[in-house]
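**Student:** Dropping the structure in here first, questions after.
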Amino acid sequence: MKASAEFIKSFFISLWFMLLTFPILVIRVNTIEKVVEWRWRNMAFIGIGSFLLSFVWRWLLSRKEKGRQPAETGNVETLPLGRRLLAEPRIYRPALTALALFTIAFPLLFSSYQTNIMTTALIYVMLGLGLNIVVGLAGLLDLGYVAFYAVGAYSYALLNHHFGLGFWAILPVGGLLGALFGILLGFPVLRLRGDYLAIVTLGFGEIIRLILENWNAFSFGPSGIANISRPGLFGISMTLNEATIYIYYLMVALCLFTIFVVNRLQDSRIGRAWIALREDEVACQAMGIDKTRTKLTAFALGATWAGMVGVIFAAKTTFINPACFTFMESAMILSIVVLGGMGSIAGVILGALILILTPEYLRAFSAYRMLLFGTAMVLMMVFRPQGIVTNIRRVYRYGTKGKESRPAQA
Amino acid sequence: MSSGPRFDMDYFLELAIGGLTRGSIYALIALGYTMVYGIIELINFAHGEIYMIGAFTALIVASVLTMNGMTGVSVLILASVVAVLYAAAYGFTVEKIAYKPLRQAPRLSPLISAIGMSIFLQNYVLIAQTSDFLPFPNLLPVLPFMEPYSHIMGSTELIIVLTTALATAALTFFIKFTKLGKAMRATAQDRHMAMLVGVNVNRVISNTFIVGSALAAIGGVLIASHIGRINFSIGFITGIKAFTAAVLGGIGSIPGAVLGGLVLGWTESFATGYVSSDYEDVFAFCLLVLILIFRPAGILGRSSVQKV
């Protein structure tokens, strides 16, 4: 009885989706040759697909409902298996060593093409970690993150082009300029509610891109800037292959630096203020935290990272144009943070590697890349808002065993 | 371009009418944002995509009909009706999938889900249809009595402005006097209280999405006929601008959305006419940033005090 009701429900859902996707997915009009192409096969796919997926959807929803009950009573005793394995020193020490060795040996084991892809992935790791400060820790939705990335990239490209300044001189300058723009934008806007911030940062990202595209005298317009010099190493001249490997190691070092900084920030006074602010603004203000200044620090720090990565990006590709900095780029960095787990460093790294490397190695995927990102963002929010890797939150409990702190799931 | 902007009356009127037309369409789309925000306090990022899907559906239906030998106003009416129905269906489905499971979630979650939905819908149309700009046939009829004024205001412009006025009037009537409209206002004021007095809140929210999406589809058909070409990404920028219009007028307020749309339309029209046409989109964003800084509640909005 119940099973048949489920079947009927799914049947109607599949009918609904077949109807819904009918004009866009089935009909394709060629307005020039005046022919209509009917793609009935797509309709069959949608019908079968939505019929099956509706079961999965309902099952996941009911599982989520069930999962909520124990969480509410506050007795989350069992940690997930992966977490328990990693807590064991006998396992995580060799694993970490193996990972470090693999990272170091990567350019020696694989071709420079692979190294290049890995460097790109590391760039996104850094961007993700930077955005993680803003979105994950402080809970501010920044949809124009790419604007600060563009500021960094263009400051290196332009200063290099006009004054011949080198990579190492500009790296901090790019970061500072990013922070400056972050403060300039954040100062008026951070007083507002979170969703306004989202739309203003989105607008700001577009403004920066449009200015770069239209102000030809300043930014060379849509054609971009080419022949940006690669980072130097005490004036040693390098071949293209060596330079690729050098940038890879540089990126690894910078990623480690970022991880170190973000990790330290998380447990600092300001980091705790961010997390508290994310959870409850009013309570936070009542505790005497300067809301605007705390938010501004998060925003500026996130922008600093984007600015620095922008410099590295320009130095790596040696060519930039405004088309590198579209909203889709911001959306991609955001989905890295969301997919990996907001506030979790390991999660963001994992998210970046998955989202950047999967489309590179599965070429068939790459056309559907943004489609899958969008889907992943919705599904993550609905079913697993904490991301792949759950951020462990410290919980202090009063109990019979006295003052002990133990990790519990957020 | 070389002669610089003109400063005579005809040019001014042309820009004013252009701004009015543009603003009307922003207003139609802004209504959807403002209604949804009024009820569940969510920026529905996918709303711009609903408008784009409305325009695509109209294009597809109109093309199939004209290829089968249909002409005239009947094509316009059929295409519009199908576009409105489909946009409403998409709006309804998007709400059910991406927002309804997140009613109790923290504020950031539905917002991210909305962005995901927007990216998904854009790429869905991109993959299913094409990435090129498609020519959109001008479906709107040419009114002979507007002929003498066509250098200032063509019949397309007149139809757009009139349709917007009519749609807004109908919406105002609907919200003010029908039972569902009352339920919507009650839900917007206090969702829990509305639930207690027997309003089916989920149905009200669904209906809000349906009405808002239908209005967006009307806007989609009109703007596509006016500009004459569409592609999968038109919803993004127009969506942000319509949202700007909603914020400008005071989000949550229906006359505010219309007023905001018109102000934004005029700002863009005059700024591109007298200053520079390269930075068309920049003006809208600057206006948005300025309002949010100086008057975050908007022109007609009341500043709300956060309840604890």
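**Student:** Look through A:258, A:239, A:244 and report the one residue that is within 20 Å of the chain's Cα centre (by Cα) and in the same structural domain as residue A:125 (by TED's automatic domain parsing).
**Tutor:** Values: A:239 fails: within 20 Å of the chain's Cα centre (by Cα); A:244 fails: within 20 Å of the chain's Cα centre (by Cα).
Going through A:258, A:239, A:244 in turn, the sole match is A:258.
**Student:** Being surrounded by 15 or more Cβ atoms within 10 Å (Cβ to Cβ) and in a loop (DSSP other than H, G, I, E, B) is the filter here; which residues of segment B:178-209 pass it?
**Tutor:** Once the filter is applied, which keeps residues that are surrounded by 15 or more Cβ atoms within 10 Å (Cβ to Cβ) and in a loop (DSSP other than H, G, I, E, B), segment B:178-209 yields only B:199.
**Student:** Okay, next question. Just checking, which of B:37, B:90, B:33 is within 30 Å of residue B:194 (Cβ to Cβ), of a type in the set (Ser, Thr, Tyr) and at pLDDT 90 or above?
**Tutor:** That would be B:90, the only listed residue that is within 30 Å of residue B:194 (Cβ to Cβ), of a type in the set (Ser, Thr, Tyr) and at pLDDT 90 or above.
**Student:** Here is a further query. Go through segment B:168-177 and report how many residues are in contact (Cβ under 8 Å) with a residue 24 or more places away in the chain and surrounded by fewer than 20 Cβ atoms within 10 Å (Cβ to Cβ).
**Tutor:** The qualifying residues number 3.
**Student:** Tell me which residues, restricted to segment B:294-308, are more than 21 Å from the chain's Cα centre (by Cα) and at pLDDT 75 or above. Walk me through it before giving the result.
**Tutor:** Pass one, segment B:294-308, residues more than 21 Å from the chain's Cα centre (by Cα): B:294-295, B:302-308.
If the condition is that a residue be more than 21 Å from the chain's Cα centre (by Cα) and at pLDDT 75 or above, then B:294, B:295 are the ones that fit.
**Student:** Sticking with this structure for a sec: Considering each of B:78, B:31 in turn, give the residue that is touching a residue at least 12 places away in the same chain (Cβ under 8 Å) and surrounded by fewer than 24 Cβ atoms within 10 Å (Cβ to Cβ).
**Tutor:** Checking each option against the conditions leaves just B:78.
**Student:** A further question on this structure: Which members of segment B:226-237 meet the condition of being in a helix (DSSP H, G or I) and buried (at least 24 other Cβ atoms within 10 Å of the Cβ)?
**Tutor:** Scanning segment B:226-237 gives a single hit, B:235.
**Student:** Quick check, is residue B:130 more than 10 Å from every other protein chain (Cβ to nearest Cβ), polar (S, T, N, Q), assigned to a loop (DSSP other than H, G, I, E, B) and over 19 Å from residue A:202 (Cα atoms)?
**Tutor:** no
**Student:** In the list A:231, A:222, which residue meets the criterion of being in a loop (DSSP other than H, G, I, E, B) and on the phi < 0 side of the Ramachandran plot?
**Tutor:** Unique residue meeting the criteria: A:231.
**Student:** Among (1) surrounded by 24 or more Cβ atoms within 10 Å (Cβ to Cβ); (2) in contact (Cβ under 8 Å) with a residue 24 or more places away in the chain, where does residue B:96 come up short?
**Tutor:** (1)
**Student:** Looking only at residues in segment B:274-289 that are closer than 17 Å to residue B:242 by Cα and in contact (Cβ under 8 Å) with a residue 12 or more places away in the chain, which one is nearest to the other protein chains (Cβ to nearest Cβ)?
**Tutor:** The selected residue is B:285.
**Student:** Taking segment A:277-303, which residues are farther than 16 Å from residue A:183 by Cα and either acidic (Asp, Glu) or under 24 Å from the mean Cα position of the chain (by Cα) (or both)?
**Tutor:** Residues satisfying the conditions are A:277, A:278, A:279, A:280, A:281.
**Student:** I need the full set of residues from segment A:304-339 which are within 12 Å of chain B (Cβ to nearest Cβ) and touching a Pro at 6+ places or on another chain (Cβ under 7 Å), in order please.
**Tutor:** none
**Student:** If you don't mind, another one. Which one of the conditions (1) surrounded by fewer than 19 Cβ atoms within 10 Å (Cβ to Cβ); (2) of a type in the set (A, V, I, L, M, F, W, C); (3) within 10 Å of chain A (Cβ to nearest Cβ) does residue B:299 fail to meet, given that it meets all the rest?
**Tutor:** Going through (1) surrounded by fewer than 19 Cβ atoms within 10 Å (Cβ to Cβ); (2) of a type in the set (A, V, I, L, M, F, W, C); (3) within 10 Å of chain A (Cβ to nearest Cβ) one by one, residue B:299 breaks only (3).
**Student:** Right, another one. Determine, yes or no, whether residue B:110 is closer than 18 Å to residue B:44 by Cα and not in a helix (DSSP H, G or I).
**Tutor:** Values: closer than 18 Å to residue B:44 by Cα: yes; not in a helix (DSSP H, G or I): no.
No.
**Student:** Condition first: touching a strand residue (DSSP E or B) at 6+ places or on another chain (Cβ under 9 Å) and within 10 Å of residue B:52 (Cβ to Cβ). Now tell me which residues in segment B:224-238 satisfy that.
**Tutor:** B:224, B:230, B:231
**Student:** Any chance you could count how many residues in segment A:285-339 are crowded, with 24+ Cβ neighbours inside 10 Å and acidic (Asp, Glu)?
**Tutor:** The number of residues fulfilling the criteria is 0.
**Student:** Another question, then. What are the residues in segment B:87-99 that are of a type outside the set (Asp, Glu) and more than 8 Å from chain A (Cβ to nearest Cβ), if any?
**Tutor:** B:87, B:88, B:91, B:92, B:94, B:96, B:99
**Student:** Output the residues belonging to segment A:23-42 that are facing chain B (nearest Cβ under 8 Å) and either surrounded by 18 or more Cβ atoms within 10 Å (Cβ to Cβ) or at pLDDT 80 or above (or both).
**Tutor:** Answer for segment A:23-42, where residues must be facing chain B (nearest Cβ under 8 Å) and either surrounded by 18 or more Cβ atoms within 10 Å (Cβ to Cβ) or at pLDDT 80 or above (or both): A:23, A:24, A:25, A:27, A:28, A:29, A:42.
**Student:** Same structure again: Which residues, counting only those in segment A:316-333, are more than 16 Å from residue A:204 (Cα to Cα) and under 13 Å from the mean Cα position of the chain (by Cα)?
**Tutor:** Passing the criteria: A:332, A:333.
Condition check ((1) out of contact with any Ser or Thr (no Cβ under 8 Å at 6 or more places or on another chain); (2) within 14 Å of chain A (Cβ to nearest Cβ); (3) charged (D, E, K, R)) across all residues:
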| site | (1), (2), (3) |
| --- | --- |
| B:101 | yes, yes, no |
| B:113 | yes, yes, no |
| B:142 | no, no, no |
| B:167 | yes, no, no |
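**Student:** Within the group B:292, B:262, which residue is buried (at least 18 other Cβ atoms within 10 Å of the Cβ), more than 13 Å from chain A (Cβ to nearest Cβ) and assigned to a helix (DSSP H, G or I)?
**Tutor:** Numbers: B:292 fails: more than 13 Å from chain A (Cβ to nearest Cβ).
The unique qualifying residue is B:262.
**Student:** Exactly one of (1) more than 15 Å from the chain's Cα centre (by Cα); (2) within 25 Å of residue A:198 (Cβ to Cβ) is unmet by residue B:228. Its number?
**Tutor:** (2)
**Student:** Filter segment B:41-73 down to the residues that are among the hydroxyl-bearing types (Ser, Thr, Tyr), more than 11 Å from every other protein chain (Cβ to nearest Cβ) and within 14 Å of residue B:225 (Cβ to Cβ) and list them by number.
**Tutor:** Across segment B:41-73, the qualifying residue is only B:51.
**Student:** Here's another thing I want to ask about it. Can you name every residue in segment B:247-259 that is in a helix (DSSP H, G or I) and more than 10 Å from every other protein chain (Cβ to nearest Cβ)?
**Tutor:** Hits for segment B:247-259 are B:248, B:249, B:254, B:255, B:256, B:257, B:258, B:259.
The values are calculated or read from the model by the stated rules, or taken from the named source; none is laboratory data. Since the model is a prediction, treat every value here as computed from it, not as a measurement. Glycine also receives a Cβ, built like all others from the backbone with ideal geometry; neighbour counts cover every protein chain displayed.
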